[in-house]
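Engineer: Structure below; questions to follow.
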Amino acid sequence: MCGIMGYVGPRDAAPIIIDGLKRLEYRGYDSAGVAVHDGTSLTVAKAEGKLGRLAAMLAEHPLVGSCGIGHTRWATHGAPNDRNAHPHTDPAGEIVVVHNGIIENFVALKENLAAGGADFSSETDTEVLAHLIAHEYQGDLLEAVRRAVGKAEGAYALVAMSRREPDRIVAVRMISPLVIGIGKGEMFLASDVPAILHHTRDIVVVENGEMVDITPDGWRIETLDGRPVDRAMLEITWSAEQAERGGYPHFMLKEIFEQPQAATDTLSGRLDEDGSLVLDKVDFPDGFGRDLDKIWITACGTALHAGHVGKVVFERLLRVPTEAAFAHELRYADPLIAPGSLTIAISQSGETADTLAAAGLAKNRGSRLLALTNVVGSTLSREADDILYTRAGPEIAVASTKAYLTMLIGEYLLALAIGRERRVIAAATDDELVRALRGIPVKIGEVLKTDQEVEAIAARFVGHDDVYFIGRGLDHAVAMEGSLKMKEISYIHSEAMPAGELKHGTLALVTAGTPVVVVLTQKEVYDKTVSAIQEVKARGALVIAVAYEDDTEIAKHADEVLRIPRVPDLLSPVLAIVPLQLLAYHVAVARGHDIDQPRNLAKSVTVE
Ligand code: AGP
């Protein structure tokens, strides 16, 4: 996820673009850049780091020109540095582009261009687009962009300018969002409304597969195959603050609702329709996966909860003993980590001090280190031998949601990749998982439609001081994450445990009305978990179950049921966590808490 901003009109473009990018920084902040047309040539300024660095540079050396584009980056291809920052140009400086999203076939495109003699100055997929458009250019930017995007695959938004056409910006939306802002004698383009709200409230939303052509006096939209689109203008009534959260009251809710897109991005270009897998930065030596005899997973908090899912998935699919350990324990435990093992360090930020220390220890003991992280160029990614980026985009709310869900998807991809090398996954299981994974974003969307039901159930939790989350196997792993979400934002004491453990002590705390959340998706242990429900029901508990939509049994046992679509049991955590995120959110809202910045907590714990 990155932020894009464009301006064409009578005013100086750069300050307007910088102001817009500031309001898009929530979409990415590892580098930023601006390109401006001064009527004769295109000039680019860019800088690694937060937007403030670029703004300071431009304050000293202003860019003059009234047509420009800008970008704030959340890296996906290429480390966050000056070179990889957008905008990118072709070598002659004829075409300049910014882009948000992923060009899935950029390696093939780049090889083709390189074979024709092209030189690249960055590691990005974006630069390839600048080359392609320049290659296709015959005097009309719109047509050049049309031909270039005809060769590109992926989910992205692209904005381009040509040196030979001052006062014209052309853009394409392929899934990633784009809006046009209509001013008086001036036009704006942005990834999101907040960037332009200070200038105009008249907005046109660009739809998927559409091209945009703007000049100071007009805009038009057409389809990729050249058919004109008649699109009505919208008047935006949100406040600037509301707009930054996409109209959602909190970033956490926005991020929960971004999960279908985040899952799509995690899978994008990695799992083809035919089932082939490409994990570009995972490059095990020959035979490594085949001979692997131990996997260590280390992380903290939510990331470790994703690791608990990974442990079950790896052991089941790969038959490799796997341990999921708290990083802060592992680093002092003198663990039996040996060469030939794989250590997967999971971290949204890639900067958690304990996770870095445990990962370093594993590496020192000869384990191969794989980083499963959301932040490109983070310390963890730099120290790892292999990297699998989750591509969740920036997560602002302290309570992690979309990062967790994309970590899970990353683990399934890894398990499939290693399983294929070991030849241990039956073809039918492999097929079933591939199909289910490809369909998972849509199913996450279906779970999100139950939001109002979840909100109604949340009202039943509000006055309670203690909540319990139970499940077995993978359901227990999900229960742990559901419980953490509940405690960190609702401040209700919450405990998760395997359903079979209740009767060994905790049952003493279950009294009339105590809420017990039961996750119930695993066929082999279904009846056993139902027995645990009966134990708590006998003590008067209020039982809320998370179960498949076609489970006809559960309504006989639970007071309330949160339904999820059917998927292979191994994948159920990806769906089962979503109602639990919503539940925690609505309970915390009803209790009047600060959702995005809960007390005593920080987004990234960079001290021990
Ligand atoms: C979860 O909601 C928390 N924000 C916290 O548990 C977090 O997952 C943990 O601090 C690890 O952070 P990381 O993924 O950035 O390493």
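The values are calculated or read from the model by the stated rules, or taken from the named source; none is laboratory data. Being a predicted model, the structure only gives us computed values, none of them experimental. For neighbour counting, all protein chains shown are included, and Cβ atoms are generated from backbone atoms with ideal geometry for every residue, glycine included. In case anyone asks, the SASA skips ligands and DNA or RNA and just uses the protein heavy atoms, side chains included. Shrake-Rupley method; radii C 1.70, N 1.55, O 1.52, S 1.80 Å.
Engineer: When the residues of the range 369-381 are narrowed to those that are free of Cβ contacts under 8 Å to residues at least 60 places away in the same chain and not aliphatic (A, V, I, L, M), which ends up nearest to GLU48 (Cα to Cα)?
Structural biologist: In this case the residue turns out to be SER378.
Engineer: For the range 282-314, name all the residues that are in a loop (DSSP other than H, G, I, E, B), within 14 Å of ALA345 (Cβ to Cβ) and not aliphatic (A, V, I, L, M). Step through it out loud before you land on a result.
Structural biologist: Let us first name the residues in the range 282-314 that are in a loop (DSSP other than H, G, I, E, B), namely 282-287, 292-294, 300.
The next check asks that each one be within 14 Å of ALA345 (Cβ to Cβ); those that pass are 282, 300.
Across the range 282-314, the qualifying residue is only CYS300.
Engineer: Which numbered condition in (1) more than 13 Å from the ligand (Cβ to nearest atom); (2) open to solvent by less than 20 Å² (accessible area, probe 1.4 Å); (3) not charged (D, E, K, R); (4) not in a helix (DSSP H, G or I) is the only one that ALA399 fails?
Structural biologist: (1)
Engineer: Among all residue pairs at least 6 apart or on different chains, which show Cβ distances below 7 Å where the first residue, located in the range 563-579, is closer than 15 Å to ARG316 by Cβ and in a helix (DSSP H, G or I) and the second is open to solvent by 10 Å² or more (accessible area, probe 1.4 Å) and among the basic types (Lys, Arg)?
Structural biologist: ASP569/LYS523; LEU570/ARG316
Engineer: Between a residue in the range 597-608 that is in contact (Cβ under 8 Å) with a residue 12 or more places away in the chain and any residue that is assigned to a loop (DSSP other than H, G, I, E, B) and surrounded by 10 or more Cβ atoms within 10 Å (Cβ to Cβ), which pairs come within a Cβ distance under 6 Å, given they are 6 or more apart or on different chains?
Structural biologist: That search, which allows pairs on different chains as well, returns GLN597/VAL398; PRO598/VAL398; LEU601/VAL398; LYS603/VAL398; SER604/SER349; SER604/GLU351; VAL605/THR352; THR606/GLU351.
Engineer: Listed residues ALA14, ALA45, ALA55; which is closer than 24 Å to ASP125 by Cα and among the small types (Gly, Ala, Ser)?
Structural biologist: Values: ALA14 fails: closer than 24 Å to ASP125 by Cα; ALA55 fails: closer than 24 Å to ASP125 by Cα.
None of the other options fit; the residue is ALA45.
Engineer: For residues in the range 373-391 being among the β-branched types (Val, Ile, Thr) and within 22 Å of PRO285 (Cβ to Cβ), which is surrounded by the most Cβ atoms within 10 Å (Cβ to Cβ)?
Structural biologist: Restricting attention to the range 373-391, the residues satisfying the condition of being among the β-branched types (Val, Ile, Thr) are 373, 375-376, 379, 387, 390.
Checking the rest, the ones that are also within 22 Å of PRO285 (Cβ to Cβ) come to 373, 387.
Numbers: THR373: 30, ILE387: 22.
Looking at the filtered set, the residue picked out is THR373.
Engineer: Can you say whether LEU317 is assigned by TED's automatic domain parsing to the domain that holds PHE288, modelled with pLDDT of 95 or more and either part of a loop (DSSP other than H, G, I, E, B) or within 16 Å of the ligand (Cβ to nearest atom) (or both), as far as the supplied structure shows? Even if it seems obvious, please write down each step before you answer.
Structural biologist: Details: assigned by TED's automatic domain parsing to the domain that holds PHE288: yes; modelled with pLDDT of 95 or more: yes; either part of a loop (DSSP other than H, G, I, E, B) or within 16 Å of the ligand (Cβ to nearest atom) (or both): no.
No; evaluated as a whole, the condition is false for this residue.
Engineer: Out of curiosity, is GLY78 over 23 Å from THR390 (Cα atoms) and part of a loop (DSSP other than H, G, I, E, B)? Let's see the steps before the verdict.
Structural biologist: Numbers: over 23 Å from THR390 (Cα atoms): no; part of a loop (DSSP other than H, G, I, E, B): yes.
Judged against the criteria, GLY78 is not a match.
Engineer: Specify the residue that is farthest from the ligand (Cβ to nearest atom); the eligible residues are those in the range 373-385 that are over 25 Å from ILE440 (Cα atoms) and modelled with pLDDT of 90 or more.
Structural biologist: Of the residues in the range 373-385, the ones over 25 Å from ILE440 (Cα atoms) are 377-385.
Next, only the ones that are modelled with pLDDT of 90 or more stay: 380-381, 383-385.
On the way: LEU380: 8, SER381: 12, GLU383: 14, ALA384: 14, ASP385: 19 Å.
Once the filter is applied, the top-ranked residue is ASP385.
Engineer: Here are GLY366, GLY275, GLY301: which of them is at positive phi, touching a residue at least 24 places away in the same chain (Cβ under 8 Å) and within 11 Å of the ligand (Cβ to nearest atom)? Lay out the reasoning, then the answer.
Structural biologist: Values: GLY366 fails: within 11 Å of the ligand (Cβ to nearest atom); GLY275 fails: within 11 Å of the ligand (Cβ to nearest atom).
Of GLY366, GLY275, GLY301, the one residue that is at positive phi, touching a residue at least 24 places away in the same chain (Cβ under 8 Å) and within 11 Å of the ligand (Cβ to nearest atom) is GLY301.
Engineer: Only one of ASP334, ASP354, ASP291 is within 11 Å of the ligand (Cβ to nearest atom) and either free of Cβ contacts under 8 Å to residues at least 12 places away in the same chain or acidic (Asp, Glu) (or both); which? Spell out how you get there, then give the answer.
Structural biologist: Details: ASP334 fails: within 11 Å of the ligand (Cβ to nearest atom); ASP291 fails: within 11 Å of the ligand (Cβ to nearest atom).
Within the list ASP334, ASP354, ASP291, the selection yields ASP354.
Engineer: Oh, and also: Scanning the range 32-48 for residues that are of a type in the set (Ser, Thr, Tyr) and out of contact with any Lys or Arg (no Cβ under 7 Å at 6 or more places or on another chain), which turns out surrounded by the most Cβ atoms within 10 Å (Cβ to Cβ)? Explain how you work it out, then say what you get.
Structural biologist: Going residue by residue through the range 32-48, those that are of a type in the set (Ser, Thr, Tyr) are 40-41, 43.
After this cut, where a residue has to be out of contact with any Lys or Arg (no Cβ under 7 Å at 6 or more places or on another chain) as well, the list is 40, 43.
On the way: THR40: 9, THR43: 18.
Selected residue: THR43.
For (1) modelled with pLDDT under 95; (2) more than 9 Å from the ligand (Cβ to nearest atom); (3) open to solvent by 10 Å² or more (accessible area, probe 1.4 Å), each residue gets a yes or a no:
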{"residue": "ILE344", "(1), (2), (3)": "no, yes, no"}
{"residue": "SER347", "(1), (2), (3)": "no, no, no"}
{"residue": "ALA371", "(1), (2), (3)": "no, yes, no"}
{"residue": "GLY393", "(1), (2), (3)": "yes, yes, no"}
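Engineer: Write out, first by first residue and then by second, each pair whose Cβ atoms fall under 6 Å of each other, whose residues are 6+ apart or on separate chains, and whose first residue, in the range 499-512, is touching a residue at least 12 places away in the same chain (Cβ under 8 Å) while the second is open to solvent by less than 90 Å² (accessible area, probe 1.4 Å) and part of a helix (DSSP H, G or I).
Structural biologist: Close Cβ pairs satisfying both conditions: ALA499/THR529; ALA499/ALA532; LEU502/ALA532; VAL510/VAL536.
Engineer: If you take the residues of the range 248-272 that are in a loop (DSSP other than H, G, I, E, B) and within 28 Å of LYS603 (Cα to Cα), which of them is nearest to the ligand (Cβ to nearest atom)? Even if it seems obvious, please write down each step before you answer.
Structural biologist: First pass over the range 248-272, keeping only residues in a loop (DSSP other than H, G, I, E, B): 248-250, 258, 268-270, 272.
Now narrow it down to the ones that are within 28 Å of LYS603 (Cα to Cα): 248-250, 258, 268.
Working: TYR248: 18, PRO249: 18, HIS250: 14, GLU258: 15, SER268: 21 Å.
The qualifying residue nearest to the ligand (Cβ to nearest atom) is HIS250.
Engineer: Would you mention how many residues in the range 138-163 are at pLDDT 95 or above, open to solvent by 30 Å² or more (accessible area, probe 1.4 Å) and touching an Asp or Glu at 6+ places or on another chain (Cβ under 7 Å)?
Structural biologist: Adding up the residues that qualify gives 2.
Per-residue answers, yes or no, for (1) buried (at least 16 other Cβ atoms within 10 Å of the Cβ); (2) away from the ligand (no atom under 16 Å from the Cβ):
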position	(1), (2)
GLU560	yes, yes
ILE564	yes, yes
LEU575	yes, yes
GLN581	yes, no
ALA588	yes, no
ASP594	no, no
THR606	no, no
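Engineer: Sort through ALA359, ALA325 and tell me the only one that's within 15 Å of the ligand (Cβ to nearest atom), under 20 Å from HIS308 (Cβ atoms) and buried (at least 24 other Cβ atoms within 10 Å of the Cβ).
Structural biologist: On the way: ALA325 fails: buried (at least 24 other Cβ atoms within 10 Å of the Cβ).
Going through ALA359, ALA325 in turn, just one is within 15 Å of the ligand (Cβ to nearest atom), under 20 Å from HIS308 (Cβ atoms) and buried (at least 24 other Cβ atoms within 10 Å of the Cβ): ALA359.
Engineer: Could you tell me which of the residues VAL107, VAL64 is among the β-branched types (Val, Ile, Thr), open to solvent by 60 Å² or more (accessible area, probe 1.4 Å) and within 22 Å of TYR7 (Cβ to Cβ)?
Structural biologist: Numbers: VAL107 fails: within 22 Å of TYR7 (Cβ to Cβ).
None of the others qualify; the one that does is VAL64.
Engineer: Where residues in the range 57-87 are under 19 Å from ALA392 (Cα atoms) and in contact with a His (Cβ under 7 Å, 6 or more places away or on another chain), which of them is modelled with the lowest pLDDT?
Structural biologist: Residue satisfying both the conditions and the ranking: ARG73.
Engineer: I'd like to know if the range 477-492 contains one or more residues that are closer than 26 Å to LEU601 by Cβ, away from the ligand (no atom under 16 Å from the Cβ) and surrounded by fewer than 24 Cβ atoms within 10 Å (Cβ to Cβ).
Structural biologist: First, the residues of the range 477-492 that are closer than 26 Å to LEU601 by Cβ: 477-492.
From what's left, away from the ligand (no atom under 16 Å from the Cβ): none.
No, the range 477-492 contains no residue that is closer than 26 Å to LEU601 by Cβ, away from the ligand (no atom under 16 Å from the Cβ) and surrounded by fewer than 24 Cβ atoms within 10 Å (Cβ to Cβ).
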